[in-house]
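Below: one structure in C-alpha cells.
Derivation of every value follows stated rules applied to the coordinates shown; laboratory data play no part. Keep in mind that what you see is a predicted model, and the values were worked out from it rather than measured. All Cβ positions, glycine included, derive from the backbone under ideal geometry; neighbour counts span all protein chains shown.
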Amino acid sequence: MALRSGFYRWLIPAAFVLPLWLFVGWIIFGANPLSLLWVLLSAPIVMVGQLILTLLVRARGTARAERAVSWTDIGLIGGWNVLIVALGVFSNPWWWALFALTVIVGVVALWSVLAQLWREARPAGIVLHTPDGMGYVPAPQTQTQTQAQSSDADVIIVRESGDQQAS
C-alpha cells in the first residue's frame, strides 16, 4: 500500500520533473543539436500526457478514497515514466526503438486509465460507503416505500390477475 500511495503522490510532480529531465539529460549526455528539437517537441507532450493521466487517475473514486493508485497504474504509468527517463539518456543506437516503445506504452496507459475510470463510473453497486470508509449494503425498498417516493400522481398502474392469453 505504501508503494501505491507514494506513486499516487508522485503523479503531479512527475508532470514537471520528467520534461525537465529530458532537457537535463540532453545537456548531461551531450546529445547533438537535432536531439534538442525532439526534446522541445516531446517535453510538452510528456507534461500534458502526465497531467491527463494524473487527472484521470484522481477522478476514480477508489483512487481518491484509498489515496493510492492501482497496481495496473503502477505497471503502466510507472513503466512509461521509466521509459521517459531512459529517453533522456540519448543513446543513439537504441533511441528510436525506445521512443516508439515509449509512445506505445503511453497510449496503452491512457487506454487503461480510461477503462478503469469507465468501469468504476458505471452504476453497478449496491454497496455504499460511510464517510469513514465503511461499506454497507442498503436495505431493499418495499413496494410501498417505492410508491410513496413517487411524486407523479397522474400515473395509474393497472395490474392484471390471472393467466389469460390474448388471442
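Per residue Cα convex hull volume for the range 44-94, in cubic angstrom? Numbers along the way, then the final one.
Working: hull volume 3.8 nm³, N = 51.
About 74 Å³ per residue, rounded to a whole number.
Which of MET134, MET47 has the fewest other C-beta atoms within 10 Å, and how do the rest follow up to the most?
Values: MET134 8, MET47 18.
So the residues, fewest neighbours to most, are MET134, MET47.
Further question: Enumerate the amide H contacts of ALA31 below 5 Å, restricted to partners 5 or more residues apart or on another chain; note that Pro and chain-start residues carry no placed amide H.
Residues meeting the criterion, in which the H sits 1.01 Å from N, do not exist here.
Using the Karplus curve 6.51 cos²θ - 1.76 cosθ + 1.60 with θ = phi - 60°, work out ³J(HN,Hα) for each residue of the range 5-13 in order, rounded to whole Hz, and write x for Gly and Pro.
Values, residue by residue: 5, x, 5, 4, 6, 6, 4, 6, x Hz.
Is the range 25-120 best put as rounded, prolate or oblate by its Cα gyration tensor, with a ≥ b ≥ c the root eigenvalues, rounded for a/c under 1.5, and otherwise prolate when a/b is larger than b/c, oblate when not?
Values: a/c = 2.73, a/b = 2.48, b/c = 1.10.
Because a/c hits 1.5 or more and a/b exceeds b/c, the range 25-120 counts as prolate.
Output the Kirkwood hydrodynamic radius of the range 72-114, Cα pairs only, in Å rounded to one decimal. The partial results should precede the final answer.
Numbers: mean 1/r = 0.0958 Å⁻¹.
Computed over the range 72-114, the radius equals 10.4 Å.
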